[in-house]
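Down below is the structure, laid out as structure tokens.
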Amino acid sequence: TEAQLGEEWRPDRSKLIVNFRPEESRFVVNVDSASPNAWRQEPYFSTLKRLSGKLLDQQVFMQIISGVRLIYLTPEHETIIEKPADPNTRVNLQLMVTLLPNGTSKRWFEAKLRE
């Protein structure tokens, strides 16, 4: 995946490991624990936001794992929850959409934990 994104996405440079999991409809970005905000740096942040919209159009969600935080990204919003301590706990995601008066929409995830 890094090859498609460019050399700057190599884990030793970006502090990110990207992994597309089509069988789970999930695009995962694991952030180096020593650099928990690396994904917010450019060119990564704008690329991830743009890519999250394209993935949503294909019913794939973007999950960023940074320390104890799970971040579900859309171009318009970040849903942040604390990673469950119990590995058997599941995160239920529901995509919410608000239609705006200008004809555009805002998309975000509502996340709930369940055991």
Residues located in region 55-77, provided they are open to solvent by 40 Å² or more (accessible area, probe 1.4 Å) and in contact with a Leu (Cβ under 6 Å, 6 or more places away or on another chain): none
Inter-residue pairs, beta-carbon under 6 Å, first within 26 Å of GLY53 (Cα to Cα) and in region 83-99, second β-branched (Val, Ile, Thr) and surrounded by fewer than 13 Cβ atoms within 10 Å (Cβ to Cβ), 6+ apart: LYS83/VAL68
Unique residue being in a loop (DSSP other than H, G, I, E, B) and either surrounded by 12 or more Cβ atoms within 10 Å (Cβ to Cβ) or touching a residue at least 40 places away in the same chain (Cβ under 8 Å) (or both) when the list is SER52, SER35: SER35
Subset of region 55-69 [part of a strand (DSSP E or B), more than 9 Å from the chain's Cα centre (by Cα) and of a type outside the set (Ser, Thr, Tyr)]: ARG69
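Considering only residues of region 86-115 that are of a type in the set (Gly, Ala, Ser) and within 25 Å of ARG40 (Cβ to Cβ), which is surrounded by the fewest Cβ atoms within 10 Å (Cβ to Cβ)?
Start the filter on region 86-115 by keeping residues that are of a type in the set (Gly, Ala, Ser), which leaves 103, 105, 111.
When the remaining residues are screened for being within 25 Å of ARG40 (Cβ to Cβ), the result is 105, 111.
Working: SER105: 10, ALA111: 15.
Ranking the qualifying residues of region 86-115, first place goes to SER105.
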Filtered residue count, region 1-32, keeping only those that are assigned to a helix (DSSP H, G or I) and either of a type outside the set (Gly, Ala, Ser) or at pLDDT 95 or above (or both): 13
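So that you can scan it fast, the table gives a plain yes or no per residue for (1) in contact with a Ser or Thr (Cβ under 9 Å, 6 or more places away or on another chain); (2) under 22 Å from PRO22 (Cα atoms):
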{"position": "GLN58", "(1), (2)": "yes, yes"}
{"position": "GLN63", "(1), (2)": "no, yes"}
{"position": "VAL68", "(1), (2)": "no, no"}
{"position": "TYR72", "(1), (2)": "yes, yes"}
{"position": "GLU76", "(1), (2)": "yes, no"}
{"position": "ALA85", "(1), (2)": "no, no"}
{"position": "THR98", "(1), (2)": "yes, no"}
{"position": "ARG107", "(1), (2)": "yes, yes"}
{"position": "ALA111", "(1), (2)": "yes, yes"}
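The values are calculated or read from the model by the stated rules, or taken from the named source; none is laboratory data. Bear in mind the structure is a predicted one, so any value in this text is a computation, not a measurement. Virtual Cβ from ideal backbone geometry, glycine too; neighbours counted across all protein chains shown. SASA here: full protein model, heavy atoms, side chains in, ligands and nucleic acids out. Shrake-Rupley method; radii C 1.70, N 1.55, O 1.52, S 1.80 Å.
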